[in-house]
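Report on the structure given below.
The values are calculated or read from the model by the stated rules, or taken from the named source; none is laboratory data. Given the structure is predicted, the values throughout are model-derived calculations rather than measurements. Here the Cβ positions follow ideal geometry from the backbone for every residue, glycine too, while neighbour counts run over all protein chains shown.
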Amino acid sequence: MSSQAATAPAALPVESADASANKALVVGIVGIAITFAGVLLSGVTHVALSYLVGLTFWTAIAIGMLMLVLIHHIFDASWSTVLRRQFEHGLSAFKWLLVLFVPLLALCFVDGGGLVWSWMNPETVIHGGHTVGHDPLYIKKAGFLNKGALVGGTIGFFLLWMWLSARLRKASFTQDSDGDLKWTFMSRKTAAFGLPIGALTLTAAAIFWIKSLEYHWFSTMYGVWFFANCARAALCIGVIIMVWLWNRGDYKGVLNTNHFHSIGMLMLAFTVFWAYVTFSQYFLIWNANVPEETFWYNLRELNHDGSTNQWWYVGLVILFGHFFIPFWFLLSYRFKVTKHIIRRIAIGMLATILIDLCYNILPALKDSHEDALPFFSLNLLWVATSVIGVGGICVWSYLRSFPTAKLIPIRDPRIGESLTHHE
């Protein structure tokens with residue numbers, strides 16, 4: 001049975017794939033349309049930042065898939081070979097994510113450019129009645145934080161991710177036909193220069209898109225924090241796809257218990273990694289107690305009158321949902337290899353990653369007292385519709401790519417080891 005599954009093409013019929021893809025496309029278009037219509041109720045800035053959450057969430061998943069494929073090749077891994085193909089299909093979403101980013105980039109040229117990133121408009125009033133254009137800290141950072149850098153950088157990031165993805169997909173898909181080892185070497189070379197490119201671009205993207213919303217804040221850990229979320233999100237989506245294909249019958253005879261155990265161990269490793277990075281950042285800022293750094297956390301804990309705001313409780317949800325709960329469950333061998341349990345763990349981790357992005361982005365919306373707007377507000381509705389909308393487009397892209405290649409890389413030199421993977 002393993003041999004038959006290994007040599008069979010993707011089992012999803014073309015008609016079924018087209019129908020499922022079309023449904024996902026409709027869901028995506030409707031979700032995005034509802035999000036954009038929210039401008040009539042909440043205004044451009046509120047909807048734009050909520051849309052940024054949805055876009056960043058799905059872009060993080062795609063970046064995580066790209067980095068995991070590159071890591072797979074640089075380490076010449078064997079166990080993950082049968083899973084790699086699904087990540088390669090997921091990489092097809094980058095071009096559509098760039099298209100979906102265009103409305104946010106277009107807002108950089110509307111009404112002074114400060115509708116999303118306030119520092120783009122030099123007339124934006126900040127604390128003390130000063131403007132961005134006269135803020136010494138912004139003037140020092142203006143060489144990096146400027147309209148051209150953000151717009152050009154964003155387009156450049158996506159083009160680089162698309163280029164790396166195209167090379168990886170071409171090598172992998174073509175090898176199914178001719179079995180030539182040159183494609184394996186091409187993938188390894190791509191991984192050698194792709195990993196530093198990926199690390200630098202995802203760091204710059206996180207700083208431009210998210211961290212610069214509060215440009216006064218300093219953090220040297222932000223790119224690492226974003227990478228941790230990217231990798232965890234991709235692993236969680238990988239688990240959901242694995243269980244979906246197993247339940248459909250595609251992966252039966254291909255996956256074994258050890259594949260689930262191995263990806264579960266990676267989820268555990270990145271859970272600890274996220275906790276280490278996040279705790280280090282918080283502890284260093286708390287211990288130094290420098291106002292230029294502590295204000296970012298104060299905004300997410302207290303109102304101007306000293307009362308606790310909703311974001312403090314959101315921080316607790318992140319603490320337990322991001323670390324304590326998944327850490328406890330992923331310590332168990334049984335939970336990692338029981339398909340419905342590890343899928344639930346993956347869904348819970350994905351939900352917490354989304355909440356973490358809300359925690360980092362939405363407090364940029366403030367009231368007249370400069371307090372962060374509550375977590376439970378109309379903005380949460382636009383976050384939900386944007387996640388569904390952008391997600392529908394990404395699922396559509398994945399399903400369109402799915403029937404174009406074999407279920408697994410049947411002529412990869414490591415496929416035999418992967419099919420017989422053991423702990």
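Yes or no, residue by residue, for (1) closer than 17 Å to F57 by Cβ; (2) touching a helix residue (DSSP H, G or I) at 6+ places or on another chain (Cβ under 9 Å); (3) at pLDDT 95 or above:
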position	(1), (2), (3)
W225	yes, yes, yes
I240	yes, yes, yes
G264	no, yes, yes
M267	no, yes, yes
T271	no, yes, yes
F283	no, no, no
Of the residues in the range 341-372 that are of a type in the set (A, V, I, L, M) and without any contact (Cβ under 8 Å) to a residue 40 or more places away in the chain, the one that is surrounded by the most Cβ atoms within 10 Å (Cβ to Cβ) is I341
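Kindly indicate which of F36, F75 is in contact with a helix residue (DSSP H, G or I) (Cβ under 9 Å, 6 or more places away or on another chain), free of Cβ contacts under 8 Å to residues at least 12 places away in the same chain and surrounded by fewer than 21 Cβ atoms within 10 Å (Cβ to Cβ). Before you say what the answer is, go through the steps one by one.
On the way: F36 fails: free of Cβ contacts under 8 Å to residues at least 12 places away in the same chain.
The match here is F75.
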Restricted to the range 112-125 and to residues being in contact (Cβ under 8 Å) with a residue 40 or more places away in the chain and in a loop (DSSP other than H, G, I, E, B), the residue surrounded by the most Cβ atoms within 10 Å (Cβ to Cβ) is W117
Here the residues within the range 203-235 that are within 19 Å of L70 (Cα to Cα) and either among the β-branched types (V, I, T) or within 10 Å of the chain's Cα centre (by Cα) (or both) are T203, V224, F226, F227, A228, N229, C230, A231, R232, A233, A234
* Asked: Out of all the residues in the range 229-250, is one or more under 17 Å from F320 (Cα atoms) and of a type in the set (A, V, I, L, M)?
  -> yes
By residue number, the members of the range 178-208 that are surrounded by fewer than 17 Cβ atoms within 10 Å (Cβ to Cβ), in a helix (DSSP H, G or I) and either of a type in the set (D, E) or free of Cβ contacts under 8 Å to residues at least 24 places away in the same chain (or both) are D178, K182, F185, K189, F193, P196, L200
Of the listed residues (L145, L160), the one being at negative phi, among the hydrophobic types (A, V, I, L, M, F, W, C) and within 17 Å of the chain's Cα centre (by Cα) is L160
